[in-house]
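Peer 1: Following this message is one structure expressed as structure tokens.
The values are calculated or read from the model by the stated rules, or taken from the named source; none is laboratory data. Please read all numbers here as calculations on a predicted model, not as lab measurements. Neighbour counts run over all protein chains shown; Cβ positions are idealised from the backbone, glycine included. For the accessible areas, the whole protein counts, side chains as well, though only heavy atoms, and no ligand, DNA or RNA atoms are used. Shrake-Rupley method; radii C 1.70, N 1.55, O 1.52, S 1.80 Å.
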Amino acid sequence: MVGRLPAAAAGGRAPPLPPARIFIGSDSTAQDYKADRYPLSGWGSMLRCAVGPEVTVVNRAIGGRSTKSFMAEGRLDAIARDLQPGDTLLIQFGHNDANQAKPERYTPVPDYEANLSRYIAVARAAKAKPVLLTPVTRRAFKDGHVEPSFPTYSDAARRVAKREHVPLIDLAKLSERWIDGVGADASRVYYLHYAKGEGLPGYTEAVDDDTHFSELGARRIADLVAGGLAKTHLPIARHVLKDRPALRRATPAGGPSCAA
């Protein structure tokens, strides 16, 4: 009987998890950045610190893109060619869809919903698992509290998730709640606020940017995404690490290191 026990029971260790892949279709808030743009960081880069070594994160996020322009440039088609059965596709847009000043990006809410359905269809056609994310919050305080950044687009993503029966990570609410709790002053460290002469290679002039994340901000947002992903009950959920100390660092590592 002992000889028939599975390896996990006989050795007291769980068998290794099979390889898995996470694709990300998104904008500058999730993008991978070169070292010369540091401390600018995207949550997609840091998500690699939230999963086991058997997981490959294929980050296709790119700055300035909306659901509309991402498709118009053939980027969704490129994801469609590369997706394989069992992959997971994270879909987060909204920041640029709402930008009426740039017609190549702007996407009215009904079109935004239709576009999200197209992304979902692409994943399903490849037998991959789509996950919708509401757009991550900006650091925008009013009367001491965070104002929702893109409420109509967040509501639209929620409607599409319900209609299409796909998992939703409500990153808008999660990030709003987190930044609100941190407070207006203390939350500056998680975004790009630097004085001229601080010696940062990507920013020789002063910068006050409440949309894009510093290294520490990207880590914390990735932690929120990972927590949401772990609750989806999709196959990828079991690959999310329960302990994610690299994403809760109090001091920067100088890049996307996964060291705690």
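Peer 1: Of the residues Gly197, Gly227, Gly183, Gly217, which is at positive phi and modelled with pLDDT of 95 or more?
Peer 2: Exactly one of Gly197, Gly227, Gly183, Gly217 is at positive phi and modelled with pLDDT of 95 or more, namely Gly183.
Peer 1: Just to be sure I understand the filter: pairs with C-beta atoms under 7 Å, separated by 6 or more residues or on different chains, first member in the stretch 209-222 and touching a residue at least 60 places away in the same chain (Cβ under 8 Å) and among the basic types (Lys, Arg), second member surrounded by 23 or more Cβ atoms within 10 Å (Cβ to Cβ) and in a helix (DSSP H, G or I). Which pairs pass?
Peer 2: Note: pairs meeting the criteria are Arg219/Met46; Arg219/Leu247.
Peer 1: Next question. Given Tyr112, Tyr119, which one is touching a strand residue (DSSP E or B) at 6+ places or on another chain (Cβ under 6 Å) and closer than 14 Å to Asp27 by Cβ?
Peer 2: Tyr119
Peer 1: Let me ask something else about it. Filter the stretch 92-124 down to the residues that are part of a helix (DSSP H, G or I) and under 20 Å from Thr232 (Cα atoms), then identify the one that is most open to solvent (accessible area, probe 1.4 Å).
Peer 2: The qualifying residue most open to solvent (accessible area, probe 1.4 Å) is Arg124.
Peer 1: Can you work out which of the residues in the stretch 127-144 that are open to solvent by 20 Å² or more (accessible area, probe 1.4 Å) and in contact (Cβ under 8 Å) with a residue 24 or more places away in the chain is nearest to the chain's Cα centre (by Cα)? Lay out the reasoning, then the answer.
Peer 2: Quick first cut of the stretch 127-144, residues open to solvent by 20 Å² or more (accessible area, probe 1.4 Å) only: 127, 129, 138-144.
Adding the requirement that they be in contact (Cβ under 8 Å) with a residue 24 or more places away in the chain leaves 127, 129, 138-141, 144.
On the way: Lys127: 21, Lys129: 15, Arg138: 14, Arg139: 17, Ala140: 19, Phe141: 22, Gly144: 26 Å.
Ranking the qualifying residues of the stretch 127-144, first place goes to Arg138.
Peer 1: Any residue that is over 22 Å from Lys34 (Cα atoms) and surrounded by fewer than 21 Cβ atoms within 10 Å (Cβ to Cβ) - is there at least one of those in the stretch 188-200? Don't jump to the end; show me each part of the working.
Peer 2: Start the filter on the stretch 188-200 by keeping residues that are over 22 Å from Lys34 (Cα atoms), which leaves 188.
From what is left, the residues that are surrounded by fewer than 21 Cβ atoms within 10 Å (Cβ to Cβ) are 188.
Yes, the stretch 188-200 contains at least one residue that is over 22 Å from Lys34 (Cα atoms) and surrounded by fewer than 21 Cβ atoms within 10 Å (Cβ to Cβ).
Peer 1: So is Arg60 free of Cβ contacts under 8 Å to residues at least 40 places away in the same chain, open to solvent by 10 Å² or more (accessible area, probe 1.4 Å) and farther than 22 Å from Arg238 by Cα or not? Can you show your working first?
Peer 2: Numbers: free of Cβ contacts under 8 Å to residues at least 40 places away in the same chain: yes; open to solvent by 10 Å² or more (accessible area, probe 1.4 Å): yes; farther than 22 Å from Arg238 by Cα: yes.
Spelling it out, Arg60 is indeed free of Cβ contacts under 8 Å to residues at least 40 places away in the same chain, open to solvent by 10 Å² or more (accessible area, probe 1.4 Å) and farther than 22 Å from Arg238 by Cα.
Results for (1) among the polar types (S, T, N, Q); (2) touching a Cys at 6+ places or on another chain (Cβ under 7 Å); (3) modelled with pLDDT of 95 or more, shown as yes or no for each residue.
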residue	(1), (2), (3)
Ala9	no, no, no
Phe23	no, no, yes
Trp43	no, no, yes
Cys49	no, yes, yes
Ala61	no, no, yes
Asp82	no, no, yes
Asp87	no, no, yes
Ala98	no, no, yes
Glu104	no, no, yes
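Peer 1: Scanning the stretch 69-91 for residues that are part of a loop (DSSP other than H, G, I, E, B) and without any contact (Cβ under 8 Å) to a residue 40 or more places away in the chain, which turns out nearest to His239 (Cα to Cα)? Full working, then the answer.
Peer 2: First pass over the stretch 69-91, keeping only residues part of a loop (DSSP other than H, G, I, E, B): 73-74, 83-87.
Adding the requirement that they be without any contact (Cβ under 8 Å) to a residue 40 or more places away in the chain leaves 73-74.
Values: Glu73: 32, Gly74: 30 Å.
Out of the qualifying residues, it is Gly74.
Peer 1: A further question follows. Which one of these is out of contact with any His (no Cβ under 6 Å at 6 or more places or on another chain), in contact (Cβ under 8 Å) with a residue 12 or more places away in the chain and among the acidic types (Asp, Glu): Glu164, Glu198, Glu205, Glu147?
Peer 2: Working: Glu198 fails: in contact (Cβ under 8 Å) with a residue 12 or more places away in the chain; Glu205 fails: in contact (Cβ under 8 Å) with a residue 12 or more places away in the chain; Glu147 fails: in contact (Cβ under 8 Å) with a residue 12 or more places away in the chain.
Exactly one of Glu164, Glu198, Glu205, Glu147 is out of contact with any His (no Cβ under 6 Å at 6 or more places or on another chain), in contact (Cβ under 8 Å) with a residue 12 or more places away in the chain and among the acidic types (Asp, Glu), namely Glu164.
Peer 1: Select from the stretch 81-90 the residues that are buried (at least 18 other Cβ atoms within 10 Å of the Cβ) and not charged (D, E, K, R) and write down the one among them that is nearest to Lys102 (Cα to Cα).
Peer 2: Going residue by residue through the stretch 81-90, those that are buried (at least 18 other Cβ atoms within 10 Å of the Cβ) are 83, 87-90.
Filter again for not charged (D, E, K, R), leaving 83, 88-90.
On the way: Leu83: 30, Thr88: 30, Leu89: 27, Leu90: 25 Å.
By that ranking, first place goes to Leu90.
Peer 1: Exactly one condition in (1) modelled with pLDDT of 95 or more; (2) of a type outside the set (S, T, N, Q); (3) open to solvent by less than 30 Å² (accessible area, probe 1.4 Å) is false for Val207; which is it?
Peer 2: Of (1) modelled with pLDDT of 95 or more; (2) of a type outside the set (S, T, N, Q); (3) open to solvent by less than 30 Å² (accessible area, probe 1.4 Å), only one is false for Val207: (1).
Peer 1: So, in the stretch 183-228, how many residues would count as being over 23 Å from Gly63 (Cβ atoms) and hydrophobic (A, V, I, L, M, F, W, C)?
Peer 2: Total meeting the criteria: 3.
Peer 1: Testing Met46 on (1) within 17 Å of Val122 (Cβ to Cβ); (2) open to solvent by less than 10 Å² (accessible area, probe 1.4 Å), one condition comes back false. Which one is that?
Peer 2: For Met46, the exception is condition (1).
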